[in-house]
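Beneath this line is the structure, given in structure tokens, with notes to follow.
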Amino acid sequence: MNIVHTPLAGCFVIESQVFGDARGSFMESYNKEKFPVDVHFVQDNQSISQKGVLRGLHFQKGEHAQAKLVRVIRGEVLDVAVDIRPNSETFGQHFSIVLNDKNNKQLFVPRGFAHGFAVLKDDTIFAYKCDNFWNKEAESGIMYNDLDIAIDWMLSEDEILLSDKDKILPTLKSLSL
């Protein structure tokens, strides 16, 4: 397991070794003893989406904040983490990475970050672990096209498919964190 630190403190990429032979391949996707931070995952989630679907930018507020370990099982996404920790030197900055079933990279998104992804290939399976349970009253988010964050989602505006909830999310400046 190779850990690659991002410019955002606490957010890092995991490059797992994949072992392959004539039968296929094997990869250890998570090992608590090798994981570089002490985190207790309690929930696994998975979505299947078509190209153009954009999910995010989401986060859980207060005591329900979540750290996530995200990866792609099939397909490809542009995965984005935005630092929303008010006292952070990188507040409002984002990190993005292409995750797919070829590079097998994973992204650890710590608590205090908004997270989202844009699906770049049809029938993409996206999976993630959370260290806290989802709570409807604590859910929040930031508009995907917030000009102050300026994320290049690698899709044209007419390709992007949003949920009704994601269409009305506020900007980062209008949030009370």
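Looking at the structure I just gave you, is residue 144 among the hydroxyl-bearing types (Ser, Thr, Tyr), farther than 23 Å from residue 39 by Cα and under 14 Å from the mean Cα position of the chain (by Cα)? Explain how you work it out, then say what you get.
Details: among the hydroxyl-bearing types (Ser, Thr, Tyr): yes; farther than 23 Å from residue 39 by Cα: yes; under 14 Å from the mean Cα position of the chain (by Cα): yes.
Answer is yes for this residue.
Evaluate the following for residue 24: is it surrounded by fewer than 15 Cβ atoms within 10 Å (Cβ to Cβ), over 16 Å from the mean Cα position of the chain (by Cα), in contact (Cβ under 8 Å) with a residue 40 or more places away in the chain and more than 24 Å from residue 153 (Cα to Cα)? Spelling it out, it is not the case that residue 24 is surrounded by fewer than 15 Cβ atoms within 10 Å (Cβ to Cβ), over 16 Å from the mean Cα position of the chain (by Cα), in contact (Cβ under 8 Å) with a residue 40 or more places away in the chain and more than 24 Å from residue 153 (Cα to Cα).
Being charged (D, E, K, R), surrounded by 13 or more Cβ atoms within 10 Å (Cβ to Cβ) and either out of contact with any Pro (no Cβ under 6 Å at 6 or more places or on another chain) or farther than 11 Å from residue 56 by Cβ (or both) holds for only one residue in 152, 146, 158, and it is 146. Residue pairs whose Cβ atoms lie under 7 Å apart, sitting 6 or more positions apart in sequence or on different chains, and linking a residue in segment 36-64 that is closer than 18 Å to residue 161 by Cα to a partner that is in a loop (DSSP other than H, G, I, E, B) and among the hydrophobic types (A, V, I, L, M, F, W, C), are 51/120; 52/155; 52/160; 54/153; 54/160; 54/162; 57/142. Filtered by the rule that a residue be surrounded by fewer than 19 Cβ atoms within 10 Å (Cβ to Cβ), closer than 25 Å to residue 174 by Cβ and of a type outside the set (Gly, Ala, Ser), segment 133-142 gives 134, 135, 136, 137, 139. The strands (runs of 3 or more DSSP E) found wholly in segment 9-62 and carrying at least 1 residues that are of a type in the set (Asp, Glu) and touching a Lys or Arg at 6+ places or on another chain (Cβ under 9 Å) occupy 12-15, 43-49.
Take the conditions at positive phi and in contact with a helix residue (DSSP H, G or I) (Cβ under 8 Å, 6 or more places away or on another chain) and apply them to residue 75. Does it pass? Spell out the reasoning first.
Details: at positive phi: yes; in contact with a helix residue (DSSP H, G or I) (Cβ under 8 Å, 6 or more places away or on another chain): no.
So residue 75 fails the test.
For segment 76-89, check the following and say yes or no: at least one residue is in contact with a strand residue (DSSP E or B) (Cβ under 6 Å, 6 or more places away or on another chain), over 25 Å from residue 7 (Cα atoms), surrounded by 15 or more Cβ atoms within 10 Å (Cβ to Cβ) and among the β-branched types (Val, Ile, Thr). No, that holds for no residue. Within segment 95-128, if we keep just the residues that are closer than 17 Å to residue 68 by Cβ and of a type in the set (Lys, Arg), the residue that is surrounded by the fewest Cβ atoms within 10 Å (Cβ to Cβ) turns out to be 111. Answer yes or no as to whether residue 31 is farther than 12 Å from residue 108 by Cβ, out of contact with any strand residue (DSSP E or B) (no Cβ under 9 Å at 6 or more places or on another chain) and either loosely packed, with under 11 Cβ neighbours inside 10 Å or not hydroxyl-bearing (Ser, Thr, Tyr) (or both). Against the criterion (farther than 12 Å from residue 108 by Cβ, out of contact with any strand residue (DSSP E or B) (no Cβ under 9 Å at 6 or more places or on another chain) and either loosely packed, with under 11 Cβ neighbours inside 10 Å or not hydroxyl-bearing (Ser, Thr, Tyr) (or both)), residue 31 qualifies.
Which residue out of 79, 101, 83 is in contact (Cβ under 8 Å) with a residue 12 or more places away in the chain, within 21 Å of residue 30 (Cα to Cα), touching a Phe, Trp or Tyr at 6+ places or on another chain (Cβ under 6 Å) and charged (D, E, K, R)?
79
Rule-based calculations on the coordinates, nothing more; no lab input. Since the model is a prediction, treat every value here as computed from it, not as a measurement. We place every Cβ from the backbone using ideal geometry, glycine too, and count neighbours over all the protein chains shown.
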